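Colleague: Have a look at this one before I ask anything.
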């Protein structure tokens, strides 16, 4: 005799309607409500070393059960295994890319790197101008300055900038200046030249006159 496995639904009174029966979930009670963990057999907010042996056993059992529940969410895999699988997937994708696709990805990354470099240079420039406000920098040191040394993790290293300013500039004895021209064609003030080299000459002249 052939016994057919019943389907998870049955025909209702109307042939055009189906009545579905939800499958039984081990994590649900008879009323369809999620099961709740029993009252822990160990005190909360208590160091394990201060628990009784029975409480310590209950604590570790509870911890193991929660970890097992977390692993179920990853299909039984640990987070490290998931990360490793993702890396393998990315590597396989890279290997299967055509030369043209790889060139496009490399160009995109190069473009992103260039944008990050430009933004970092602008941050350094702004921070340096702010630090030099009201001070007279050494013209020679300013002209030879490599501002890329002040870039750290894609942003301005303000500590290094402050140290350089203190070492290579002096406080202005006259009225407070505007921002210092760092060779980008911006005015240093109403009576200052706009070019970087001319700005250096002007700063050098100012420093000589202040020393005399």
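Colleague: Expected output is a single nm value to one decimal: the length gained when fully extending between residue 162 and residue 101, i.e. 0.36 nm times separation in residues minus the C-alpha distance. What is it?
Modeller: Result: 17.5 nm gained on full extension.
Colleague: Let me ask something else. Quick one: if the Förster radius is 25 Å, what FRET efficiency do residue 133 and residue 155 give, using the C-beta to C-beta distance and rounding to 0.05?
Modeller: For residue 133 and residue 155, the calculated efficiency is 0.80.
Colleague: I would also like to ask the following. Normalised by the number of residues in segment 50-179, what is the relative contact order in percent for Cα pairs under 8 Å and 6+ residues apart?
Modeller: Values: 69 pairs, mean separation 30.8, N = 130.
Result for segment 50-179 is 24 percent.
Colleague: According to a simple spin-label model (label point 7 Å from Cα along Cα-to-Cβ), what is the distance in nm between residue 54 and residue 80?
Modeller: With each label placed 7 Å out from Cα toward Cβ, I get 3.7 nm.
Colleague: As an exercise, use a Förster radius of 25 Å and the Cβ-Cβ distance of residue 172 and residue 146 to find the FRET efficiency, rounded to the nearest 0.05.
Modeller: 0.50
Colleague: Grab the beta carbon distance between residue 63 and residue 90, set R0 = 30 Å, and tell me the FRET efficiency rounded to 0.05.
Modeller: 0.35
Colleague: How big is Rg to Rh over segment 41-96, alpha-carbon atoms, Rh as the Kirkwood inverse-mean-distance radius?
Modeller: 1.32
Computed from the coordinates by the stated procedures, all read-outs in this text should not be read as laboratory data. Remember, predicted model here, so these are calculated numbers, not experimental data. Neighbour counts are summed over all protein chains in view; Cβ atoms, including those assigned to glycine, are modelled from backbone coordinates with ideal geometry.
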